[in-house]
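What follows draws every value from the coordinates through simple rules; no lab data is involved. Just so you know, these numbers come straight off a predicted model, no measurement behind them. Please note: Cβ atoms are built from the backbone with ideal geometry, for glycine as well, and neighbour counts cover all protein chains shown.
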Amino acid sequence: MAHTDDEQGKVWELAEKIGFCMLATHTGDTLRARPMAAYTEIIENAFYFLTDVNSHKDDEIAQQPNVCLAFADSKGQKYVSISGTAEVLDDREKIRDLWATPAKAWWDNPDDPSIRVLKVTPHFAEYWDSPGTIISYIKMAAAAVSSARPDMGDNAKVNM
């Protein structure tokens, strides 16, 4: 299990660069995922999202706060999976801090009373950082011919 600051930094770097993730929550006995725009706050050790008070994810998190954030850049062959604890906050100052153009698609302004902040505190992560699709395919083809395992880039499990 990796514990280095460099590997934690890599998790934050990849997540921030990718920007969007699938947020997986528990819905009773099953899991449900939906796309979300992530705001990374390394110093606070948190990922933030804007959400609506009427969304189902708020209720799901109240029942079971353990969530997974799955970031994927399939063209660049870069992936991050982050497990953590979520909480829904009515923090008006943080909402204003996070307010950006994408939020305007859902709400008129940051003072909308239905906006909430979803905060995820990460506990564990795993990342895969490959050299890219074309190079990966070349390495796989060469490995298939030579019977050697291809070097597909970096992979690490990281305590956050």
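With both labels modelled 7 Å from their Cα along Cα-to-Cβ, the residue 33 to residue 72 distance reads 0.6 nm.
Sorted by mean Cβ packing within 10 Å, highest first, what order do the peptides 101-107, 55-61 take?
Values: 101-107: 11.3, 55-61: 17.3.
Put in order of decreasing packing, that is 55-61, 101-107.
Could you give the length gained on full extension between residue 123 and residue 108, defined as 0.36 nm per residue of separation minus the Cα-Cα distance, in nm? Could the numbers behind the result be given before it?
Working: separation 15, 0.36 × 15 = 5.40 nm, distance 3.39 nm.
Length gained between residue 123 and residue 108: 2.0 nm.
Once C-alpha pairs closer than 8 Å and six or more residues apart are averaged by separation and normalised to the residue number of the stretch 9-89, the relative contact order reads 31 percent.
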